[in-house]
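Visitor: Here it is: the structure, laid out below.
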Amino acid sequence: MDKERKLLIAGNWKMNKTVAEALDLVQGLRRELANIKEVDIVVCPPFTALHEVSRAILDSNIRLGAQTMSEHGFGAYTGEITAGMLKEFSVRYVILGHSERRQYQKESSALIAKKALAAHAASLKPIVCVGETLQEREAGQTETVVGAQVRESLAGLNRSQMEETIIAYEPVWAIGTGRTATTEQAQSVHAFIRKELTNLFEEAVARRVRILYGGSVKPSNARELMTQADVDGALVGGASLEIRSFADIVKNSI
Ligand code: PGA
């Protein structure tokens, strides 16, 4: 598939996998995906597996991401982890503002914007998540909600930081539910997000930003989603926990 932007497919392992399980998974992916050059492949294990996974993917085409980080550089923030600490494990990407963190940890878009700036300061590429709930979609508020999340979560980024930022559109009603947005629903919101980026930055910047789709992505729907003009990859939860399904999503996307 010939796309304007290089596809990026990231596995969000969430709160799953012991170190031993993480190693099994990543070693299998390394074997299965060794020849893939067309897609940027990223795995995001829990913090506790970062060290071992980073060693297991040395000299491979798999890159490492984390699932969240602190907006602060150091100090008395019990339980938190800084961008600099992630860098020690060769982490390159960090998911920010996942809907589960927005919901359970009450993360606001303003906080996510601070985290995105802190990530860039450490040369980590943020994957900033946005998405509407089912109630918001049914009330016809998708663009209002997603537009506000995009504006507020990216506040303060300059153009070059924006170009190094990835956006993940994840409709909350499609996460872990088996209910995927139709390709048309995904494309329509992705195009809307790119239009917002044009307004906020400029067209040349908006054209370079990768916008991933997330929410029940599986081997059977990956290809169709990736054929959409503004869908530049996927953020995969459940189906990233097994070698076969994640490897097939990557292969089917090309
Ligand atoms: P899912 O999760 O693929 O299990 O729906 C996606 C995500 O939350 O990133």
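Visitor: Picking from Asn16, Asn61, Asn35, which is most flexible by a Gaussian network model of the chain using Cα springs under 10 Å?
Guide: Comparing Asn16, Asn61, Asn35 in the GNM, the peak value goes to Asn35.
Visitor: Only sites in a loop by DSSP and with at most 13 other Cβ atoms within 10 Å count here; which chymotrypsin sites (Phe, Trp or Tyr not before Pro) in segment 42-113 make the cut?
Guide: In loop regions of segment 42-113 (DSSP not H, G, I, E or B), the sparsely surrounded chymotrypsin sites (Phe, Trp or Tyr not before Pro) are Phe74, Tyr77.
Visitor: When the C-alpha atoms of segment 1-110 are aligned to their principal axes, what extent does each axis show, in angstrom, from largest down?
Guide: 44, 35, 23
Visitor: So what's the net charge close to Ile243: Lys and Arg +1, Asp and Glu -1, counting the other residues with Cβ under 13 Å from its Cβ? Walk me through the numbers before you get to the answer.
Guide: Working: positive: Lys17, Arg30, Arg31, Arg244, Lys251; negative: Glu21, Asp24, Glu32, Glu242, Asp248.
Net charge around Ile243: 0.
Visitor: Short version: ³J(HN,Hα) in whole Hz for each residue of segment 162-174, in order, from phi by Karplus 6.51 cos²θ - 1.76 cosθ + 1.60 (θ = phi - 60°), x for Gly and Pro, what are they?
Guide: 4, 5, 9, 9, 10, 10, 10, 8, 10, x, 4, 6, 9
Visitor: In whole Hz, what ³J(HN,Hα) sequence does segment 58-73 give by Karplus (6.51, -1.76, 1.60; θ = phi - 60°), x for Gly and Pro?
Guide: Karplus values, whole Hz, x for Gly and Pro: 3, 6, 10, 8, 9, 10, 9, x, 10, 9, 5, 6, 7, 7, 8, x.
Visitor: Reachable lysines from Lys251, Cα under 21 Å, same-chain residues fewer than 8 places away excluded?
Guide: Reachable lysines: Lys3, Lys6, Lys37, Lys218.
Visitor: Based on DSSP H runs of at least 4 residues, each adding -39500 (n - 2.57), what is the mean residue ellipticity at 222 nm of the chain after dividing by all its residues, to the nearest 500 deg cm²/dmol?
Guide: So the calculated ellipticity at 222 nm is -13000 deg cm²/dmol.
Visitor: Mind checking the full-extension length gain between Ile254 and Ser60? Use 0.36 nm per residue of separation minus the Cα-Cα distance, one decimal, nm. Please list the in-between numbers first.
Guide: Details: separation 194, 0.36 × 194 = 69.84 nm, distance 1.86 nm.
Residue separation times 0.36 nm, minus the Cα-Cα distance, leaves 68.0 nm.
Visitor: While we're looking at this one, here's another question. Give me the mean projected area, in nm² to one decimal, of the convex hull enclosing the Cα positions of segment 76-189.
Guide: Mean projected area of the Cα convex hull: 8.2 nm².
Visitor: Can you give the translational diffusion coefficient of segment 7-253 in µm²/s, computed by Stokes-Einstein from the Kirkwood radius over Cα pairs at 4 °C and 1.567 mPa s?
Guide: 72
Readers should treat all values here as calculations from the given coordinates under stated rules, not as data from a laboratory. Not measured: the values here are computed from a predicted model. Reconstructed Cβ throughout: ideal geometry from the backbone, glycine too, with neighbour counts over all protein chains shown.
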